[in-house]
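K.L.:
Let me begin by handing over the structure; questions about it come next.
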Amino acid sequence: MLGNGPSGWSALCFLLLAAAVSFFGSALSMDETREHLLTKEKMMQLGGQLVLNIKEERANEKLMTLKVTEMKEAMKTLLFPPSMHFFRAKHLIDRSQVFNILRMMPKGAALHLHDIGIVTMDWLVRNVTYRPHCHICFTTKGIVQFRFAHPTPRTSEECPKWILLEDYRRRVQNVTDFDDSLLRNFTLVTQHPEVIYTDQNAVWSKFKTIFSTISGLIHYAPVFRDYVFQSMQEFYEDNVLYMEIRARLLPVYELSGEQHDIQWSVKGYQEVAEKFVETHPEFIGIKIIYSDHRSKDVTVIAGSIRTAMGLRTKFPTVVAGFDLVGREDTGHSLHYHNRALMIPAKDGVKLPYFFHAGETDWQGTSIDKNILDALMLNTTRIGHGFALNKHPALRAYSRKKDVPVEVCPISNQVLKLVSDLRNHPAATLMATGHPMVISSDDPAIFGAKGLSYDFYEVFMGIGGMKADLRTLKQLAINSIKYSSLLETEKNTFMAVWKKRWDKFIAHVATD
Ligand SMILES: *[C@@H]1O[C@H](CO)[C@@H](O)[C@H](O)[C@H]1NC(C)=O
Ligand SMILES: *[C@@H]1O[C@H](CO)[C@@H](O)[C@H](O)[C@H]1NC(C)=O
Ligand SMILES: *[C@@H]1O[C@H](CO)[C@@H](O)[C@H](O)[C@H]1NC(C)=O
Ligand SMILES: *[C@@H]1O[C@H](CO)[C@@H](O)[C@H](O)[C@H]1NC(C)=O
Ligand SMILES: [Zn+2]
């Protein structure tokens, strides 16, 4: 019955049970066995090993009272946000007192984010599209594109006509309606997700269209810098102090059409982050994980790997490593890219990997081997790892190597891997205390903001009634522990986080 795994809890449980057996000198009664099993599960779960101080215990009681009240209410009404699609659950989550506490909670770091999905789209519409020289084009394919230029952008077959947005707005009947329709085109949000997104292809297709639509806005140099700043602002306001961003580093352009190179973009991230830290002293900073699209040819990816190696040499404090992004099911497998991905090891260069892997429902396919190959390539973390539970050997291996999964529940639901988040596979991982962090992937595209909505889904839905303050504390600690900061930086971060945590606990305990 007792596993002989490497982790602390099994040893601890063994001692407990052994002590009990010798104390009673005979076999345990059913009640005793029941208690031992319950205790064992409690210690196994994520955060189960943490011991709370008196203040934390008091805060935990308050938090759990609210949580149990909300869950019991949901059991009556059957309106339980984690069981509903996020687009319809969001207004209920906004009213939740538990959510309010999660927003105040210092959450540590967000480690799985993408460059152009992290600032609320409202900001793009109400601020960016109102800047001078913004042009719009309705392409022949029916997609909307934007470009800042003076006098006008160059036309192409796809974009035969660019219209100055200022002029276009003057001609539309109702500007509010027009702006709302822009906003709709910038996110996946709809009141009828099941009808609009009949399958994964449908939702990924719109997802890709959004990236293409907003790309022209975000890659205009002045906007790019403001976007990076604004992204830190939104996460900072959500009590997140450090971010690791998967960045494609696509060319940033000027009004004249001049394009900057990839190093300019990295320097941009670095300078803006430094500026942000000056005015927000507790903010730790950002790092970027250079990423290319997994659907590209292996020879192209080999070039990207060399670029990543160069960037890491030139910007060792900014560039954390490399990842392959894009939909796994329709892209190339990691195994396909093996020749490219082995270049650093062959050259004796260290290039940390942060692979997306196992973001799939299809078991036993070549894509389903991505978690295996990510681990073989020494990945630092596993992006999503949604399929990890189907691979017990890989689960054990990743646990032994302390390679965490980056769980992004709202993303998984919106992109149709799972509908009721109580059924998210991370429930098992949480129950067994598997190394994990929580992140939000592309919150702006899902109509979310920052990190708190995903924390809510994890705390209420995936973790269920048993997840408590210990779980939350462990997740925050994990986000620091599994970041790619240096040990000394982690210690500084932990101290800053701890100070905020104590303040948060005092607030919850007394309020
Ligand atoms: C957009 O926001 C910036 C600050 O981030 C501000 O300086 C600028 O005036 C705003 N522009 C518009 C058009 O709202
Ligand atoms: C524009 O449409 C909104 C509703 O979509 C309406 O509330 C508003 O009054 C309209 N504005 C004008 C100027 O017609
Ligand atoms: C929104 O997207 C649709 C295509 O999905 C397009 O027909 C429409 O013109 C777009 N509207 C705006 C204001 O961008
Ligand atoms: C993975 O790590 C092992 C042990 O440090 C090393 O021998 C191996 O070369 C690494 N593999 C890759 C692909 O980096
Ligand atoms: Zn992702």
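The values are calculated or read from the model by the stated rules, or taken from the named source; none is laboratory data. Computed from a prediction, not measured in an experiment: that's the story for all the values here. Reconstructed Cβ throughout: ideal geometry from the backbone, glycine too, with neighbour counts over all protein chains shown.
K.L.:
Within region 160-173, identify whether any single residue is in a loop (DSSP other than H, G, I, E, B), away from ligand 4 (no atom under 16 Å from the Cβ), farther than 30 Å from Ser419 by Cα and in contact with a Leu (Cβ under 6 Å, 6 or more places away or on another chain), and answer yes or no. Write out each step before concluding.
P.N.:
From region 160-173, those in a loop (DSSP other than H, G, I, E, B) are 160-162, 172-173; that's our starting set.
Those still in the list that are away from ligand 4 (no atom under 16 Å from the Cβ) too: 160-162, 172-173.
Then keep just the ones that are farther than 30 Å from Ser419 by Cα; that gives 160-162, 172-173.
When the remaining residues are screened for being in contact with a Leu (Cβ under 6 Å, 6 or more places away or on another chain), the result is none.
No, region 160-173 has no match at all.
K.L.:
Something else: Given the criterion surrounded by fewer than 17 Cβ atoms within 10 Å (Cβ to Cβ), in the same structural domain as His112 (by TED's automatic domain parsing), of a type in the set (Ser, Thr, Tyr) and away from ligand 1 (no atom under 16 Å from the Cβ), identify the matching residue among Ser265, Ser256. Write out each step before concluding.
P.N.:
Details: Ser265 fails: surrounded by fewer than 17 Cβ atoms within 10 Å (Cβ to Cβ).
So the residue among Ser265, Ser256 that is surrounded by fewer than 17 Cβ atoms within 10 Å (Cβ to Cβ), in the same structural domain as His112 (by TED's automatic domain parsing), of a type in the set (Ser, Thr, Tyr) and away from ligand 1 (no atom under 16 Å from the Cβ) is Ser256.
K.L.:
Tally the residues that are without any contact (Cβ under 8 Å) to a residue 24 or more places away in the chain and either within 16 Å of ligand 5 (Cβ to nearest atom) or in contact with a helix residue (DSSP H, G or I) (Cβ under 8 Å, 6 or more places away or on another chain) (or both), restricting the search to region 351-370.
P.N.:
Qualifying residue count, region 351-370: 1.
K.L.:
Further, regarding this structure: Out of curiosity, is Ser205 among the small types (Gly, Ala, Ser) and either closer than 29 Å to Ala89 by Cα or surrounded by 15 or more Cβ atoms within 10 Å (Cβ to Cβ) (or both)?
P.N.:
Values: among the small types (Gly, Ala, Ser): yes; either closer than 29 Å to Ala89 by Cα or surrounded by 15 or more Cβ atoms within 10 Å (Cβ to Cβ) (or both): yes.
The answer is yes for Ser205.
K.L.:
Suppose the filter is surrounded by 21 or more Cβ atoms within 10 Å (Cβ to Cβ), closer than 23 Å to Leu255 by Cβ and either more than 16 Å from ligand 2 (Cβ to nearest atom) or of a type in the set (D, E, K, R) (or both); does Phe86 pass it? So that I can check it myself, show each step before the final result.
P.N.:
Details: surrounded by 21 or more Cβ atoms within 10 Å (Cβ to Cβ): yes; closer than 23 Å to Leu255 by Cβ: no; either more than 16 Å from ligand 2 (Cβ to nearest atom) or of a type in the set (D, E, K, R) (or both): yes.
Answer is no for this residue.
K.L.:
Hey, can you tell me all the residues within region 35-68 that are over 11 Å from Asp468 (Cα atoms) and without any contact (Cβ under 8 Å) to a residue 12 or more places away in the chain?
P.N.:
Answer for region 35-68, where residues must be over 11 Å from Asp468 (Cα atoms) and without any contact (Cβ under 8 Å) to a residue 12 or more places away in the chain: Glu35, Leu37, Leu38, Val51, Asn53, Ile54.
K.L.:
Now a separate question. Is at least one residue of region 98-118 in a loop (DSSP other than H, G, I, E, B), over 21 Å from the mean Cα position of the chain (by Cα) and more than 16 Å from ligand 2 (Cβ to nearest atom)?
P.N.:
The first filter runs over region 98-118 and keeps only residues in a loop (DSSP other than H, G, I, E, B), leaving 105-107, 115-118.
Keeping just the survivors that are over 21 Å from the mean Cα position of the chain (by Cα) gives none.
There is no residue in region 98-118 that is in a loop (DSSP other than H, G, I, E, B), over 21 Å from the mean Cα position of the chain (by Cα) and more than 16 Å from ligand 2 (Cβ to nearest atom).
K.L.:
Could you tell me whether region 424-433 includes any residue that is surrounded by 24 or more Cβ atoms within 10 Å (Cβ to Cβ), among the hydroxyl-bearing types (Ser, Thr, Tyr) and touching a residue at least 40 places away in the same chain (Cβ under 8 Å)?
P.N.:
For region 424-433, residues surrounded by 24 or more Cβ atoms within 10 Å (Cβ to Cβ), among the hydroxyl-bearing types (Ser, Thr, Tyr) and touching a residue at least 40 places away in the same chain (Cβ under 8 Å): absent.
K.L.:
Being within 16 Å of ligand 2 (Cβ to nearest atom), in contact (Cβ under 8 Å) with a residue 60 or more places away in the chain and buried (at least 17 other Cβ atoms within 10 Å of the Cβ) narrows it down to one residue among Leu217, Leu183, Leu188, Leu241; which is it? Quick ask: steps written out before the conclusion?
P.N.:
Numbers: Leu217 fails: within 16 Å of ligand 2 (Cβ to nearest atom); Leu188 fails: within 16 Å of ligand 2 (Cβ to nearest atom); Leu241 fails: within 16 Å of ligand 2 (Cβ to nearest atom).
Exactly one residue qualifies, and that residue is Leu183.
K.L.:
In addition: Looking at (1) surrounded by 24 or more Cβ atoms within 10 Å (Cβ to Cβ); (2) within 14 Å of Asp329 (Cα to Cα), which is the only condition Thr379 fails?
P.N.:
Unmet for Thr379, out of (1) surrounded by 24 or more Cβ atoms within 10 Å (Cβ to Cβ); (2) within 14 Å of Asp329 (Cα to Cα): (2).
K.L.:
Mind listing whichever residues of region 319-342 are crowded, with 18+ Cβ neighbours inside 10 Å and touching a helix residue (DSSP H, G or I) at 6+ places or on another chain (Cβ under 6 Å)?
P.N.:
Result: Val319, Phe322, Arg327, Glu328, Ser333, Leu334, His337, Ala340.
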